[in-house]
Structures are given as C-alpha cells and as structure tokens.
Amino acid sequence: MKQLLLWVTVILWLSPAIASADNIDQSQHNNIVVTPGTLHDYYHLKLRLQAGDYELSIPNRLRSPKYSEDNSYRFEDGGQFEIFIRKEIFPASLDTSVASEFIILRMPWTRSDMSESERSVQQKRKLFDRLKQLKQEPEASEDIVVEFNPYIAVLSGDPLKLKLTAPNIFFRQAWGQYINYIGPLKQEDHRR
C-alpha cells in the first residue's frame, strides 16, 4: 500500500510538469516562432494538416506561368517534392496576399554526397507517403514544420506580423535533413 501511495504521489507531482510540456508543444501550433540565426532570424511554423488543408497537385492555371505543364505529384531524386497548402489555414499574423488560393510548400533537395543522405531521403519519403495517405483519412492529421525564409518580410515585431513575398515556403531543413521541430537545432542534427 505504501508503494502504491508513493507512485500516486510521484505521478501527481510530475503531472503539472507533463501538462506544461504538452501546453508548450500545443502552443507552437499555428504560432510563428522566431529562431535567431548567425546571419538572420528564421521564421518557423508548426502546422497540423488534415486532408482538406492541402492538395497534392493543382491546375496549372493556379500556378505561376514559369512552371512546366507537368504538375504531377511525385517524389524526386534527393527527396524533393511539393504540395499545395490552402492559404486560409495560415495564422492571421502572416499576410499571404501574394498567393491566389494556394501556397507551394516545397521539400528541399538533399545532395547525395552529404553525410547520411540516404537516411535523410528515406525520412522525406516517409513524410511524402504519409501526406499521400492522409488525403484518404479525413479525420487524421499530420504535424509538419515549415520555414518562411527567404520569401518573408517583417511588417512589425510586436506583435509579430509577417508578409510572404512569394507564394513559396519550405519544409524546415538543415544539412539535407527535414527538421520536424521548432526552435534552435539540436546538437544531433549538426551532421554534414
């Protein structure tokens, strides 16, 4: 009985810490987070996507004329792919008036000569496959992290108000790998 009471006490004592950690993580959804960098700040956003929030391809008339007629949804060498996010799912602190209906969300390329490039491309493939699958699961969701640099202008700092300068954003990436969290890079992600 004493052991059970001890465990209940420990769980209750830890509960506020666990709850606050969850609250911190949940507060990052749909809030733009500024991550200071050496040369400039980076602007990240954690989005919870559902099937209706994005498209795998859109008609060419909705894309910039500089793109080719091939608008298929596919996974390219180096882990590149793109999806089209409906601009209304972004927070009010981001002016998306540069886009018509969609913002192109691109996964950057991973060079094959980079350290652990095969693992990084496999990680991107897993996300690509999950986003395809999610289109068939209306109630499911997937958390992703996007970066607005370099197509961003700061309109005000307090409160933070940003404006997209092009209809393009990127999945957060560093050293060829997709970074699926907000904030400064972790030491283990500093591979080259």
Label-point separation, Arg111 to Glu76 (7 Å along Cα→Cβ), nm: 1.7 nm
Within segment 31-183, what percent of beta bridges assigned by DSSP are antiparallel, to the nearest 5? 85 percent
Starting from the exponent 0.38 and prefactor 2.2 Å, build the expected Rg for segment 107-187 from its residue count and divide its actual Cα Rg by it. 1.30
In nm, give the distance between the simple-model label positions of Ser97 and Leu39, each being 7 Å from the Cα along the Cα-to-Cβ direction. 3.0 nm
Calculated on alpha-carbon atoms, Rg and Dmax of segment 69-121 in Å: 14.7, 40
Regarding segment 31-183, what is the average projected area of its C-alpha convex hull, in nm²? 9.6 nm²
Starting from the 7 Å offset along Cα-to-Cβ, what nm value, one decimal, do you get for the label separation of Gln122 and Gln50? 3.4 nm
Expressed in whole Å with the largest first, what are the equivalent ellipsoid semi-axes of segment 152-192 derived from the C-alpha gyration tensor as the square root of 5 times each eigenvalue? 26, 14, 7
What is the order of Ser100, Ser117, fewest Cβ neighbours within 10 Å to most? Ser100, Ser117
Please give the Cα centre distance for segment 68-125 versus segment 133-185, rounded to the nearest Å. 10 Å
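Laboratory data are not the source of any read-out in this text; all were calculated from the coordinates shown. The model shown is predicted, which means the values in this text are computed figures rather than measured ones. When we count neighbours, we look across all protein chains shown, and the Cβ atoms used for this are built from the backbone with ideal geometry, even at glycine.
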